[in-house]
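Notes follow once the structure below has been shown.
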Amino acid sequence: MGIAKGIGILLIVAGVLGLIYGGFTYTSDTHSAKLGPISVQVKEKQTVFVPIAVSVAGIVFGALLLLGFKRT
């Protein structure tokens, strides 16, 4: 029961954060070159958008997990 409650809380928190921020950005290294003592790196910012439906579904399933295991 403790694992389901933890997963439910995690889903609710992730869903709320998805609704508030709408996505997240991360930086990835795409190319790098070392020319003697000089090092050159190219970094790109990638953005991942979280659809509203996925955020709402996370909140709903998290609530169902919490309420479902609360009764037993």
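The values are calculated or read from the model by the stated rules, or taken from the named source; none is laboratory data. Because the structure is predicted, anything quoted here is derived from the model rather than measured. Cβ coordinates were reconstructed from backbone atoms using ideal geometry, including for glycine residues, and neighbour counts include every protein chain displayed.
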Within the range 1-24, how many residues turn out to be exposed (fewer than 10 other Cβ atoms within 10 Å of the Cβ) and either modelled with pLDDT under 90 or not in a helix (DSSP H, G or I) (or both)?
3
Which of the residues that make up the range 31-59 are over 30 Å from residue 8 (Cβ atoms), surrounded by 10 or more Cβ atoms within 10 Å (Cβ to Cβ) and of a type outside the set (A, V, I, L, M, F, W, C)?
32, 41, 43, 44
When the range 1-57 is checked residue by residue, the ones that are among the charged types (D, E, K, R) and without any contact (Cβ under 8 Å) to a residue 60 or more places away in the chain are 29, 34, 43, 44, 45
